[in-house]
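Every read-out reported here was derived from the displayed coordinates using simple, explicitly stated rules and does not represent laboratory data. The model shown is predicted, which means the values in this text are computed figures rather than measured ones. Here the Cβ positions follow ideal geometry from the backbone for every residue, glycine too, while neighbour counts run over all protein chains shown.
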Amino acid sequence: MPLYDLVCIARRTKPKVLGAAAEAVTSGRTSMLYANQDYQWKEEIVKPLMKTAATLVLDNGGVVRGFQRLQSQDLPYRMRRHQEVFSHGVTWAMQFDASPANMAGLRRALAYDERVIRYTVVKLADSLKDVTGMYSVPK
């Protein structure tokens, strides 16, 4: 099975209805309350998204090697996805081994997931030998 690296930018903001109410409140203590809730909202979005991606790989016979939570950041430009425009996102990565047929299902799931702004999958190696750099040892 080939080794892949999935890099994903997830939404950081609340949905439109909740986000507009939160942006309207900007005074003192109330803004701190909403900032704290924004952090909790990010955790409610990113962790289940990572779990969903890992479950899709594992259920189809793949192996998840690890996760890397990169950062919460301003995007380099405004991105449009699912009829919304985003200027902030949370970037994370997942390294995994999976069959090419498994990749089609993962791509389809990420494309329709409303929590995902952008994603890309990079093939790092074709086999375990390419990853470890070890070849057959002479006897």
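Values computed for the structure shown
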quantity	calculated
Label-point separation, Asp113 to Gln73 (7 Å along Cα→Cβ), nm	2.0 nm
Full-stretch length increase - Lys123, Arg80 - with 0.36 nm per residue and alpha-carbon distance subtracted	12.9 nm
